[in-house]
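The values are calculated or read from the model by the stated rules, or taken from the named source; none is laboratory data. Predicted model only: the values in this text are computed from it and were never measured. As a convention, Cβ positions derive from the backbone with ideal geometry for all residues, glycine included, and neighbour counts pool all protein chains shown. Keep in mind that these areas ignore ligands, DNA and RNA; they rest on the heavy atoms of the full protein, side chains included. Shrake-Rupley method; radii C 1.70, N 1.55, O 1.52, S 1.80 Å.
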Amino acid sequence: MKQLPTYDEIVALHKKHAPSQAAFDLVFTHCQIVWEIAGQLIDKAGLAVDRDLVKVACLLHDIGVYRLYLPNGEIDHPVYIKHGTEGYALLKEEGFDEYICRFASHHTGVGLTEQEIVDEHLPIPPADYFAETPEETLVMYADKFHTKTTPPKFMTADTYTGSLAKFGEEKVARFRHFQQELGAPDLVCIAEKYGAEII
């Protein structure tokens, strides 16, 4: 699939895989918000990225979450880390090229090493999962500012680094590096639009 999918095609793909309307609303709205954050960062910092690719990637990055829904309508949180590799597999099955599929598997946290996956017995194939291109980095970073909790919330950079601290100083430093490089979004206007709290 050489051509980027249209917005309508992406919506149709989400609806095809979402197990319920509630799942679609949660996941697709989050993806839409991540795009709004990324788009704002592109404009504020004048980032030299492929804007169309970033939009598509933001709108698709969490599509693997649908495969983690349990029959009771809840997300299987203990194995939530699988949503990236599940999304990669789903996009591959749908015929997308590698460079698009990678956005799903390479946006988790601020990156995962093969050694971490082995040491912590994480339920995903051992490999290094790091954002490598400017577009992958931006999608991964923008994703950190919004959660799919109940109810969904926006997170400041400081709140996110606080939650990251338990995973080690190296990860905090990596996030702060991205923050210096990409800037911080203005969450107030987006949070007001969606009627969500900023923590």
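Descriptive notes on the structure:
- The set of residues from region 46-73 being open to solvent by 20 Å² or more (accessible area, probe 1.4 Å), within 14 Å of residue 141 (Cα to Cα) and assigned to a helix (DSSP H, G or I) comprises just one member, 55.
- Taking first residues from region 57-77 that are more than 14 Å from residue 108 (Cα to Cα) and partners that are acidic (Asp, Glu), the Cβ contacts under 6 Å between residues at least 6 apart in sequence or on separate chains come to 67/86; 68/76; 70/76.
- Residue within region 22-29 that is touching a residue at least 60 places away in the same chain (Cβ under 8 Å), surrounded by 15 or more Cβ atoms within 10 Å (Cβ to Cβ) and closer than 23 Å to residue 124 by Cβ present: yes
- Restricted to region 99-149, and to residues there that are in a loop (DSSP other than H, G, I, E, B) and of a type in the set (Val, Ile, Thr), the residue that is surrounded by the most Cβ atoms within 10 Å (Cβ to Cβ) is 110.
- The residues of region 170-199 that are part of a helix (DSSP H, G or I), closer than 23 Å to residue 134 by Cα and open to solvent by 30 Å² or more (accessible area, probe 1.4 Å), listed by number, are 170, 173, 174, 176, 177, 179, 180, 181.
- Selected residue (criterion: surrounded by the most Cβ atoms within 10 Å (Cβ to Cβ)) from residues of region 77-98 that are acidic (Asp, Glu) and more than 15 Å from the chain's Cα centre (by Cα): 94
- Candidate set from region 35-45 (those that are among the charged types (D, E, K, R) and touching a residue at least 12 places away in the same chain (Cβ under 8 Å)); member that is surrounded by the fewest Cβ atoms within 10 Å (Cβ to Cβ): 44
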